[in-house]
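Some notes on the structure that comes next.
The values are calculated or read from the model by the stated rules, or taken from the named source; none is laboratory data. Keep in mind the model is a prediction, meaning the values are calculated, not measured. FYI the Cβ positions are ideal-geometry reconstructions off the backbone, even for glycines, and counts take in every protein chain you see. These accessible areas exclude ligands, DNA and RNA; they are computed on the full protein's heavy atoms, side chains included. Shrake-Rupley method; radii C 1.70, N 1.55, O 1.52, S 1.80 Å.
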Amino acid sequence: MNRFRWTIVAIVVVVIAAVGAYFGLNGGKKTSTNDSGKKSVAIITDTGGIDDHSFNQSAWEGLQKYGKEEGLSKGNNGYNYFQSNDESDYKPNINSAIQAKFKTIFGIGYALEPAVKQAAKQNPKTNFGIIDDTIPNIKNVVSITFHTEQSSYLAGVAAAKASKTQKIGFVGGVKGDIIDTFQAGYVAGAKSVNKNIQINVQYANSYSDAAQGKTIASAMYADGDDVIFTAAGGTGNGVFAQAKALNQKQAADKKVWVIGVDRDQKSDGNYTDKNGNKSNFTLASAVKEVGQAVIDISKKAQAGKFPGGRTVSFGFKEHGVYLAKDSMSSSVWSAVQAAKKKVESGSIKVPIHPKSYASVQ
């Protein structure tokens, strides 16, 4: 019995020593788990979804980059997205992210403002961000806005310079302060090149109706508009689809163009024309660095410097908006760069609201 008892004691001692050594050697892993909880970030999409080739996709791409840089995994305690198929999903998705204990939660788009505001008040220990809207006087909410009128002004310059018909189009998602900046900037930029240019302005009343975007684009191209700027989220996918369908049936000299939005959409403009030549119809893209904003704010949060209660704006100066060159010719690109310098210097004041929502003649 004594020998057996001493054998048991020896085994216990060895096990205790092994466990102690394990935690001594792997203490960093335990800390990493705690750290990843502090770093965890989620985004709540609007109805466009993370594959909208635009606004939400930019946010998701930024969040994935953040997760990779921080060594996080997709899911709880790391990074993730919550897809909203319609507006009734906003509150449940935010609540799901809160219950999953994400440290920082972003509402992607102004439509989420009421839901984010309510959740922030009820959960003061969670960081919240709202994109394209402002929620003042709440210490755990940062409001993130962009000077999209600046990049849209350059889009207008590019469209007017590239158009052969001097008839161009604008397809907006839903009328309001945010899309106002895109329309106002675009019209002002185009008119700075040719005050008599015709600008056809249409709204789809949706950010996720690609079929409606395609229908609008079909009518615009048929009417002679040869460049269309889309600021309509996933609805803009229909504009690209229509441009591709037309360009595949005609020679390069008859090409119609699209100007992308929010992220660089050059790859969406790849096509093969009727003569078998590979080409691209994305003239330019008015990029809004939503993804970079997600990264910047997330890193501030984990460093204990979350800018709650503040509005953070991104423009040319902050490298938050720009016009991607994509398929612009050298002459068009030169005109865009000249206009950019004037905007940056303040010699050009870009409007943020259009004079009218109707077609601009």
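Comparison of K167, K103, K139 shows that the only residue that is in contact with a Gly (Cβ under 6 Å, 6 or more places away or on another chain), under 21 Å from K300 (Cα atoms) and among the charged types (D, E, K, R) is K139.
Going through (1) free of Cβ contacts under 8 Å to residues at least 24 places away in the same chain; (2) at positive phi one by one, G309 falls short only on (1).
Could you check, for segment 248-257, whether at least one of its residues is surrounded by 13 or more Cβ atoms within 10 Å (Cβ to Cβ) and closer than 24 Å to G173 by Cα? Scanning segment 248-257, I find at least one residue that is surrounded by 13 or more Cβ atoms within 10 Å (Cβ to Cβ) and closer than 24 Å to G173 by Cα, so the answer is yes. Please determine whether any residue of segment 268-284 is open to solvent by 10 Å² or more (accessible area, probe 1.4 Å), among the small types (G, A, S) and on the phi < 0 side of the Ramachandran plot. For segment 268-284, residues open to solvent by 10 Å² or more (accessible area, probe 1.4 Å), among the small types (G, A, S) and on the phi < 0 side of the Ramachandran plot: present. For segment 88-146, the set of residues classified as over 24 Å from Q64 (Cβ atoms), touching a helix residue (DSSP H, G or I) at 6+ places or on another chain (Cβ under 7 Å) and open to solvent by less than 10 Å² (accessible area, probe 1.4 Å) consists of I135 only.
When K191, K195, K249 are checked against the criterion of being modelled with pLDDT of 95 or more, in a helix (DSSP H, G or I) and either of a type outside the set (S, T, N, Q) or within 23 Å of N275 (Cα to Cα) (or both), a single residue qualifies: K191. Per the listing S151, S208, S192, the residue uniquely under 17 Å from the mean Cα position of the chain (by Cα), surrounded by fewer than 24 Cβ atoms within 10 Å (Cβ to Cβ) and hydroxyl-bearing (S, T, Y) is S208.
I need a count of the residues in segment 191-213 that are out of contact with any Phe, Trp or Tyr (no Cβ under 9 Å at 6 or more places or on another chain) and farther than 22 Å from A245 by Cβ. Matching residues across segment 191-213 total 8.
Just for segment 161-189: of the residues that are charged (D, E, K, R) and within 20 Å of S218 (Cβ to Cβ), which one is least open to solvent (accessible area, probe 1.4 Å)? Among residues in segment 161-189 that are charged (D, E, K, R) and within 20 Å of S218 (Cβ to Cβ), the one least open to solvent (accessible area, probe 1.4 Å) is K167. Candidates in segment 38-69 are the residues that are modelled with pLDDT of 95 or more and in a loop (DSSP other than H, G, I, E, B); of these, the one that is nearest to A232 (Cα to Cα) is T45.
Test G291 against the stated conditions and say whether it is on the phi > 0 side of the Ramachandran plot and touching a residue at least 40 places away in the same chain (Cβ under 8 Å). Spelling it out, it is not the case that G291 is on the phi > 0 side of the Ramachandran plot and touching a residue at least 40 places away in the same chain (Cβ under 8 Å). Residues that are more than 23 Å from the chain's Cα centre (by Cα) and open to solvent by 40 Å² or more (accessible area, probe 1.4 Å) within segment 324-343 comprise S329, S330, S331, W333, S334, Q337, A338, K341, K342, listed in sequence order.
Counted as qualifying within segment 93-182 are the strands (runs of 3 or more DSSP E) with 3 or more residues that are out of contact with any Cys (no Cβ under 8 Å at 6 or more places or on another chain) and over 30 Å from S347 (Cβ atoms), namely 104-107, 127-131. Checked against the criterion of being among the small types (G, A, S), farther than 24 Å from A155 by Cα and free of Cβ contacts under 8 Å to residues at least 60 places away in the same chain, the candidates A303, A338 yield just one match: A303. Among the conditions (1) at pLDDT 95 or above; (2) in contact with a helix residue (DSSP H, G or I) (Cβ under 6 Å, 6 or more places away or on another chain); (3) among the acidic types (D, E), the only one that D225 does not satisfy is (2). Selection of segment 218-232 for residues being open to solvent by 20 Å² or more (accessible area, probe 1.4 Å) and not hydroxyl-bearing (S, T, Y) yields A219, A222, D223, G224. For T215, state whether it is within 26 Å of the chain's Cα centre (by Cα), polar (S, T, N, Q) and either surrounded by fewer than 18 Cβ atoms within 10 Å (Cβ to Cβ) or part of a helix (DSSP H, G or I) (or both). So T215 fits the description; yes.
Against the conditions (1) out of contact with any strand residue (DSSP E or B) (no Cβ under 7 Å at 6 or more places or on another chain); (2) in contact (Cβ under 8 Å) with a residue 60 or more places away in the chain; (3) of a type outside the set (D, E, K, R), Q242 satisfies every one except (2).
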